[in-house]
Amino acid sequence: MSNPRTIKQVIEPNQVIEGAGVLLRRSISPNRENLFDPFLLFDHFAFNDPIQGPIAGFPMHPHRGIETVTYMLEGSVHHRDSLGNSGLIGSGDVQWMTSGSGIMHEEMPRRSEQGNVFGFQLWVNLPADLKMSQPRYQEVTAETIPMVEKDSAKIRIVAGEVDAVNGPVTEIAANPVYLDVELDLGASFSYPIPFGHTTVAYVFEGEADFGVNAENRGQLVNAVHLIEFNDGDSLQVNTTPDSGVRFMLMAGAPFKEPIVPYGPFVMNTPEEIQQALVDLRNGTFVKT
Ligand code: FE2
């Protein structure tokens, strides 16, 4: 690992309102420039004020051409969809939804007993030949997400591999790495990532030196920020004696295909977006 990745940029998440008035921190959003290919969107929802009462969620809405990954750390999300599925994504659980040709679903966050909701939603692109594939879900409960503990690090593997341990979410077109990494004070984490793979980290607790280079120097980044890394063959993160850190690490090979995003759809051409809207109007959006 002779080419450690350094920091390209540190992004301040935008506060946006989505669904029925849900306030989110959004640090990646679908864009024709496709700057984070194969990743399209990264949202962080955090509500910690129980006196604000029930949280408005995301009533029935369509998706086409993408995969969405919901990872809850506190509270839960009740979901139901046009395939007849329904259930609760609880604390520590993951739901990986492949919208393929089309799905209609509802996602309604619920507070934990302490009154909190804390989670993330990542959108991963589908390549052109799978955009109209069969929709499906992979539901993963917290107990089945493996955790590797080493060198003062706890690494929960949603997707990808750490020390020959594989995450439970498989058969994802982009074959991404999606890790929840927690480091104690004075810890060091290094991880091989092939050249050419898009690599971002979302820091949501504490702070650390990210993008540590061959001279053992990095850049201190604190929560809450998204970091984009330059190309390289590995990533190193060191915590200081003063603070631990927790971050989501995402990495994957870009598809390098043109994209046309339109709300909950991400297709390759404007005509395919038109077709999605026609299908919605005609009631033929969800294929049976
Ligand atoms: Fe959705």
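Here are some notes:
- Matching option when the condition is in contact with a Lys or Arg (Cβ under 9 Å, 6 or more places away or on another chain), surrounded by fewer than 21 Cβ atoms within 10 Å (Cβ to Cβ) and closer than 18 Å to ALA153 by Cα, among ALA187, ALA223: ALA223
Residue-by-condition table, conditions (1) of a type in the set (S, T, N, Q); (2) on the phi < 0 side of the Ramachandran plot; (3) surrounded by 18 or more Cβ atoms within 10 Å (Cβ to Cβ):
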position: ALA208; (1), (2), (3): no, yes, yes
position: GLN219; (1), (2), (3): yes, yes, no
position: ASN230; (1), (2), (3): yes, yes, no
position: THR240; (1), (2), (3): yes, yes, no
position: PRO258; (1), (2), (3): no, yes, no
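- Unique match (being at pLDDT 95 or above, hydrophobic (A, V, I, L, M, F, W, C) and away from the ligand (no atom under 16 Å from the Cβ)) among VAL124, VAL94, VAL148, VAL140: VAL148
- Checked against (1) acidic (Asp, Glu); (2) assigned to a strand (DSSP E or B); (3) over 19 Å from the mean Cα position of the chain (by Cα), GLU271 meets all criteria but (2).
- Residues of region 190-220 that are part of a loop (DSSP other than H, G, I, E, B) and either under 16 Å from SER152 (Cα atoms) or in contact with an Asp or Glu (Cβ under 8 Å, 6 or more places away or on another chain) (or both): ILE193, PRO194, PHE195, GLY196, ARG217, GLY218.
- Only listed residue being away from the ligand (no atom under 12 Å from the Cβ), of a type in the set (Asp, Glu) and surrounded by fewer than 18 Cβ atoms within 10 Å (Cβ to Cβ), chosen from GLU113, GLU106: GLU113
- From the list GLY75, GLY65, the one residue that fits, being more than 16 Å from the ligand (Cβ to nearest atom) and either of a type in the set (A, V, I, L, M) or surrounded by 21 or more Cβ atoms within 10 Å (Cβ to Cβ) (or both), is GLY75.
- Index of the failed condition, VAL203 passing every other in (1) crowded, with 21+ Cβ neighbours inside 10 Å; (2) among the hydrophobic types (A, V, I, L, M, F, W, C); (3) out of contact with any His (no Cβ under 9 Å at 6 or more places or on another chain): (3)
- Per this entry, ASP81 is not counted among residues that are over 21 Å from THR284 (Cα atoms), surrounded by 20 or more Cβ atoms within 10 Å (Cβ to Cβ) and within 12 Å of the ligand (Cβ to nearest atom).
The values are calculated or read from the model by the stated rules, or taken from the named source; none is laboratory data. All figures in this text were calculated on a predicted structure; none of them were measured in a lab. Every residue, glycine among them, receives a Cβ derived from its backbone with ideal geometry; neighbour counts consider all protein chains shown.
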